[in-house]
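What follows is a set of notes on a single structure, which appears directly below.
The values are calculated or read from the model by the stated rules, or taken from the named source; none is laboratory data. Bear in mind the structure is a predicted one, so any value in this text is a computation, not a measurement. As a convention, Cβ positions derive from the backbone with ideal geometry for all residues, glycine included, and neighbour counts pool all protein chains shown. Ligands, DNA and RNA are stripped out before the accessible areas are found, and what is left, the full protein with its side chains, is counted by its heavy atoms. Shrake-Rupley method; radii C 1.70, N 1.55, O 1.52, S 1.80 Å.
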Amino acid sequence: MKNKTIIERLKETEIQLEKNVTESLKLTDNKTQLEFYNLWKEHDSNKNIESMFNDLKANINNYWLNDKYNNDLKKEFNMLYFEHGGLYGGAFDTFAIGFNYSSIESPIFKTMDERLNYLENISCLPGCIIPLLSDLTREIQGKENDFDDWEDLMDIYNLFETAAFIESYQTFLRAHHENIFSKLNFKKPFYLAVGEHDAGAPKLLYVIE
């Protein structure tokens with residue numbers, strides 16, 4: 001039920017963000033804004049999810065379960081935080097966290113959250129490339145000032161980020177069903193959260209119960 005609520009809210013947010021962009025385009029007729037709206041509109045979600053899943057699976061084996069990078073393979077934890085670099089970052093870095101939380105309700109994270117204990121076993125290890133944000137990062141260079149104002153640029157960014165989080169949710173759903181987290185010493189409920197570096201609190205994206 002938690003996961004159903006999460007994905008429904010993300011899809012609602014994406015619809016509203018697209019509406020914001022299209023309404024702005026009617027007023028500005030800005031070619032750069034239209035270029036990035038079309039880039040978002042034409043993205044192939046199935047291809048992106050496949051790419052993210054394969055990348056995540058490879059990085060779990062090559063980094064997370066490799067004692068060269070993980071100094072405590074037996075360390076138990078109950079949360080993974082996937083962090084991206086914002087407008088100029090197109091990949092997730094991953095952090096294992098001991099999350100001090102006992103409620104059955106879905107957690108709401110805080111910007112400075114004392115319940116989150118960042119561990120050293122999985123600390124800033126590669127998660128996966130995020131195709132949508134990677135495309136945005138590559139194409140946006142030098143075009144930031146071509147938008148009519150900063151708000152229009154942020155609407156495009158938020159649209160891309162929300163769509164990327166929807167694809168991340170689907171990636172985690174597949175990862176759960178195919179048990180690619182099974183060799184990690186996690187305990188349930190196992191929380192998967194996402195967020196932008198230095199941009200507020202993590203957002204809960206998926207729960208394995």
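Below, the figures for the structure above:
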| quantity | calculated |
| --- | --- |
| Test: residue 60 is surrounded by 13 or more Cβ atoms within 10 Å (Cβ to Cβ) and within 14 Å of the chain's Cα centre (by Cα) | no |
| Index of the failed condition, residue 205 passing every other in (1) in a helix (DSSP H, G or I); (2) touching a strand residue (DSSP E or B) at 6+ places or on another chain (Cβ under 7 Å) | (1) |
| Selection within region 1-44 - open to solvent by 100 Å² or more (accessible area, probe 1.4 Å), part of a loop (DSSP other than H, G, I, E, B) and of a type outside the set (Asp, Glu) | 1 |
| Residue 80, sole failed condition from (1) within 30 Å of residue 149 (Cβ to Cβ); (2) surrounded by 13 or more Cβ atoms within 10 Å (Cβ to Cβ) | (1) |
| Condition met for residue 143 (in contact with a helix residue (DSSP H, G or I) (Cβ under 6 Å, 6 or more places away or on another chain) and open to solvent by 10 Å² or more (accessible area, probe 1.4 Å)) | yes |
| Every pair of residues 6+ apart whose Cβ atoms lie under 7 Å, when the first sits in region 73-98 and is in a loop (DSSP other than H, G, I, E, B) while the second is acidic (Asp, Glu) | 73/67 |
| Hey, residue 50 more than 30 Å from residue 104 (Cβ to Cβ) and surrounded by 14 or more Cβ atoms within 10 Å (Cβ to Cβ) or not | yes |
| Residue within region 161-180 that is assigned to a strand (DSSP E or B) and within 15 Å of residue 79 (Cβ to Cβ) present | no |
| Among residues of region 175-192, those that are under 16 Å from residue 82 (Cα atoms) and open to solvent by 70 Å² or more (accessible area, probe 1.4 Å), counted | 0 |
| Selected residue (criterion: nearest to residue 123 (Cα to Cα)) from residues of region 148-189 that are under 17 Å from the mean Cα position of the chain (by Cα) and among the β-branched types (Val, Ile, Thr) | 171 |
| Matching residues, region 125-142, being over 18 Å from residue 48 (Cβ atoms) and at pLDDT 95 or above | 125 |
| Check on residue 154, in a loop (DSSP other than H, G, I, E, B), of a type outside the set (Asp, Glu) and out of contact with any helix residue (DSSP H, G or I) (no Cβ under 7 Å at 6 or more places or on another chain) | no |
| Subset of region 99-136 [open to solvent by 10 Å² or more (accessible area, probe 1.4 Å), part of a strand (DSSP E or B) and not aromatic (Phe, Trp, Tyr)] | 116, 117, 119, 120, 123, 124, 125, 126, 129 |
| Residues of region 71-130 classified as among the β-branched types (Val, Ile, Thr) and within 14 Å of residue 193 (Cα to Cα), total | 4 |
